[in-house]
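One structure below.
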Amino acid sequence: MGKNPEGETLKRIEALPNYKNGAFQNHYQLPQAEPVATANRRPGWLRLLKFLKGQPKSVLPSKSIAAVDTELVNSGLKSLQ
């Protein structure tokens, strides 16, 4: 692993149907993704402004989330020094 194939391994690779011109080739064409930027999308600075404005209250928890105070110093875990 980590070096170019040679000998019998190279012969087996070269005999594979999707190995041509020194590289592996796809048997089928992958579908093309839609372009990221389209005319009906907001400019980047508008999306940034909306993000900086904040999230709607509906995504905030309805009450405080409890925090657990851990005692890592005395927990028996060894130092990573």
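Every read-out reported here was derived from the displayed coordinates using simple, explicitly stated rules and does not represent laboratory data. Just so it is clear, the model here is predicted, and its values are computed rather than measured.
Counting only aspartates and glutamates at least 8 places from LYS3 when in the same chain, those with an alpha carbon closer than 17 Å to its own are GLU14.
For TYR19, the residues whose modelled amide H falls within less than 5 Å of its own, excluding neighbours fewer than 5 places apart on the same chain, are GLN25.
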